[in-house]
Amino acid sequence: MYLTKSSNIQRIGFVSTRFQGTDGVSLETAKWRQVLEKIGYDCYFFSGLSDWEPKKSMVVEEAFFGHPLIIDIQSRCFGTTFRGESLTGEIQAVRFKLKQALYDFTETFKIDLFIVENALTIPMNIPLGLALTEFIAETGMPVIAHHHDFVWERQRFSVNCVEDYLSMSFPPRLHTINHIVINTEARRQLSFRQGLSSIIIPNVFDFDTEPPELDDYNRSMRRDLGVADDELLLLQPTRVIARKGIEHAIELAGRLKDKKAKLLISHQERDEGADYYRRTMDYAALLEVEVIVRPDIIGAERGTTEEGAKKYSLWDCYLNADFVTYPSTYEGFGNAFLEAIWFKKPILVNRYSIFQQDIEPVDFDVVVMENYITAEVIKAVRDTIEDPDAVKVKTKQNFELGRKFFSFKLLEQRLLQVMMNFGQL
């Protein structure tokens, strides 16, 4: 049974802090958009930063968590329990501007339903969350709140002077909002902490299509990265932030020196500051591991640099990698894990809590670690990379499991359930 287009809801407005690059929220939003447009809905986009279709987008700079004004406001909201009157005034001024922009967005594109991507979940932009809450309360707009990372999942938000705002908007308790979470623990915590029911829609991937193969364009990528044919290229397909556990990937590379292992980190974003990046690079130098971070020639899509050289995509990184590392200590779900499975690549994954609850029971055949690298983990990785025939069998089986449990068909079915909650079918 698949979702069919409702006669009452025609135009959907996605709202987030950004629709750009290869962060998890943007990637998952693109999948939802693909499924909804296939059904027949028109999709439009409100954000603070965007490289999506300009004709269907409204960009208001203050909606981006990286805007200088928002960074300044956020820095004074956390790490203290006192909020001065001036800070309250600044928050409310930006809230008012963003709320008016949401009205303009709705009127310009004749929006019938909002899908809010994480902006009512994690308080990276408090004025935007407040603006959305007030807008929804004032208009009765039907809303799907797609939650990726809750405030209580990040220690840095625990000390704050905005508890009233967090209680009001992250997430809000409004009867026109249907809450969507991406894992079992989030559903449990949302019910326990907020008394709100929710539906689980895990991260998905288009397993009904086969992954691309190496082509004339990306065959030169390893050479451009300085990786020889006889060197082992490990891919860490994440941003450089502490919870990604990149030091474990560095240790793995260090203990595979006989394989001439190098580590490629695909994403240059450092959304949580540069301290962890510096620590990671220092650790790599200590272990004499070459870490490759090349934002000059790796981006969200293929293109050309200012000097006329090739620019490669995340997909090109996967295709050229020999092995994928995913030693995260925490993930809301695991986009990069599904990507590795889709590309039929062998992978090392840390048994973070959501993996244990929602992914591991599917019984993917991957190398797992328990919080740190052991001799057993190293042996399992060696056994994997030294037996390419076995890798082909295992990764093909993993792909079929992905098709069964994490495909776009599942997303269509779950969206059907959500739309039924609005009485649309």
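Here, each number is a calculation from the coordinates, and none is a lab measurement. For clarity, every value in this text was computed on a predicted model and none was experimentally measured. All Cβ positions, even for glycine, are placed from backbone atoms using ideal geometry, and neighbour counts span all protein chains on display.
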Over 20 Å intervals from 0, what percent of Cα-Cα pairs in the chain sits in each interval? 25, 56, 19, 0
Roughly how many Å is it from the Cα centre of the stretch 304-350 to that of the stretch 374-398, as a whole number? 17 Å
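Take every Cα pair under 8 Å in the stretch 49-152 that's 6+ residues apart, average their separations, divide by the length, and report that relative contact order as a whole percent. All intermediate terms of the calculation are to be shown ahead of the outcome.
Numbers: 103 pairs, mean separation 27.2, N = 104.
For the stretch 49-152, the relative contact order is 26 percent.
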Under the rule rounded for a/c under 1.5, else prolate if a/b exceeds b/c, else oblate, using alpha carbon gyration tensor axes a ≥ b ≥ c, the stretch 319-406 is classed as oblate
Sketch the reach of a paramagnetic label on residue 279 as a point 7 Å from Cα along Cα-to-Cβ, and name the residues of the stretch 134-177 whose backbone nitrogen lies under 20 Å away. 153-159
For the chain, calculated [θ]222 nm from helices alone, where every DSSP H run of n ≥ 4 adds -39500 (n - 2.57): -12000 deg cm²/dmol
When DSSP beta bridges are limited to those with both residues in the stretch 218-405, what percentage is antiparallel, rounded to the nearest 5? 10 percent
Below 15 Å, Cα to Cα, which aspartates and glutamates can residue 262 reach? Residues fewer than 8 away in the same chain don't count. 224, 229, 230, 231, 247, 251, 288, 290, 322
Taking the chain as a Gaussian network, Cα atoms linked when under 10 Å apart, which of 186, 145, 309 shows the biggest mean-square fluctuation? 309
Integer Hz, Karplus 6.51/-1.76/1.60 couplings in order for the stretch 233-241, x for Gly and Pro: 9, 8, 10, 9, x, 9, 6, 9, 9
Can you tell me the dipole magnitude for the chain around its Cα centre, using point charges on the Cβ only (Lys, Arg +1; Asp, Glu -1), in Debye to the nearest 20? 680 debye
Length gained when the stretch residue 138-residue 209 is fully extended (0.36 nm per residue, less Cα-Cα span): 21.3 nm
In nm, the gap between the two label points placed 7 Å beyond Cα toward Cβ at residue 309 and residue 53 is 3.5 nm
My understanding is that a pair violates if its Cα-Cα distance is over 30 Å; which of 257/392; 99/311; 310/409 do that in this structure? 99/311; 310/409
With label points built 7 Å along Cα→Cβ from the Cα atoms of residue 422 and residue 217, find their separation and express it in nm. 3.5 nm
Pairwise FRET efficiency - residue 191 versus residue 410, Cβ, R0 = 25 Å, nearest 0.05: 0.70
Would the stretch 1-99 count as rounded, prolate or oblate if I go by the C-alpha gyration tensor, calling it rounded below 1.5 in a/c and otherwise prolate when a/b exceeds b/c, oblate otherwise? prolate
Relative contact order for the stretch 218-405 using alpha-carbon pairs under 8 Å, separation at least 6, rounded to a whole percent? 20 percent
The lysines whose Cα lies under 17 Å from the Cα of residue 260, excluding any fewer than 8 residues away in the same chain, are 379
Between residue 392 and residue 360, what FRET efficiency comes out of the Förster formula 1/(1 + (r/R0)^6) with R0 = 22 Å and r the beta carbon distance, rounded to 0.05? 0.45
Which whole-angstrom value gives the distance between the alpha carbon centres of the stretch 180-200 and the stretch 88-121? 24 Å
Residues listed by number, the stretch 35-66, amide nitrogen under 15 Å from residue 108 label point at 7 Å toward C-beta: 43-64
Springs between alpha-carbon pairs under 10 angstrom, Gaussian network model over the chain: which of 138, 370, 231 fluctuates most? 138
Rounded to two decimals, what is the ratio between the C-alpha radius of gyration of the stretch 218-405 and 2.2 N^0.38 Å? 0.98
